[in-house]
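I have placed the structure first, in the form of structure tokens, so that the comments after it can refer back to it.
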Amino acid sequence: MGHAIVIQPPFPYCRLGLRVSGGALTAVDWLAPETPCTAPSQPVAAQAGRQLQAYFRDPCHVFDLPLNAVGTPFQQRVWSALRAIPPGTVCSYAELARALGSAPRAVGGACRANPLPIIVPCHRVVTARGALGGYGGATSGALLAMKKWLLAHEGWPAGR
């Protein structure tokens, strides 16, 4: 399935590709920075693009989009909990695991499998010591730089 829209976020690491199916956003993909930007082909993609741009202007923007993230029941529980973490705050993998009656590694796996990064803010989960941990399965490089940027954008002192 192709992307309904490709947008350039205000960081140089990538472009964002939005996938839509059945009138709902199904994925936000990290694409190469040279990927050409495209206009939305579906109303939900246009709405998602506008809301992402609103978030990039104001980190307190609340996303209000029809979402259809495919995952296990446990992943769905984690993703729901992630959406409850306010901008500018973080939760540790261990805290989230305790709240869900699970283990930190399982929470980390669900965060890594999140198909809707930024909108479902897995970037707001850090280690118990306040370090960044990983992002999208990476512990260094562009993905971790994006996590750091997103947290700093929200006012959290990323990179502690």
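The values are calculated or read from the model by the stated rules, or taken from the named source; none is laboratory data. This structure is a prediction, so every number in the text was calculated from the model and none was measured. Here Cβ is always computed from backbone atoms with ideal geometry, including for glycine, and neighbour counts include all displayed protein chains. The protein model used for the area step is the full one, side chains on, heavy atoms only, and it has no ligands, DNA or RNA in it. Shrake-Rupley method; radii C 1.70, N 1.55, O 1.52, S 1.80 Å.
Miscellaneous remarks
- Scanning the stretch 50-85 for residues that are in a helix (DSSP H, G or I), open to solvent by 50 Å² or more (accessible area, probe 1.4 Å) and among the polar types (S, T, N, Q) turns up Gln53, Gln76, Ser80.
- Pairs where the first residue, in the stretch 41-68, is under 20 Å from Thr26 (Cβ atoms) and the second is open to solvent by 80 Å² or more (accessible area, probe 1.4 Å) and part of a loop (DSSP other than H, G, I, E, B), C-beta under 8 Å, 6+ apart: Gln51/Asp64; Asn68/Gly22
- Where Gly136 falls short, out of the listed (1) surrounded by fewer than 21 Cβ atoms within 10 Å (Cβ to Cβ); (2) closer than 23 Å to Cys14 by Cα; (3) of a type outside the set (Phe, Trp, Tyr); (4) at pLDDT 95 or above: (4)
- Given (1) outside any helix (DSSP H, G or I); (2) open to solvent by less than 30 Å² (accessible area, probe 1.4 Å); (3) farther than 14 Å from Leu150 by Cα, number of the condition Arg129 does not satisfy: (2)
- The set of residues from the stretch 108-126 being outside any helix (DSSP H, G or I), farther than 15 Å from Leu150 by Cβ and among the hydrophobic types (A, V, I, L, M, F, W, C) comprises just one member, Ala113.
- Residue in the stretch 9-18 that is open to solvent by 30 Å² or more (accessible area, probe 1.4 Å) and in contact with a Cys (Cβ under 8 Å, 6 or more places away or on another chain) present: yes
- Every residue from the stretch 23-63 that is under 24 Å from Tyr135 (Cβ atoms), within 19 Å of the chain's Cα centre (by Cα) and among the charged types (D, E, K, R): Asp29, Arg57, Asp58
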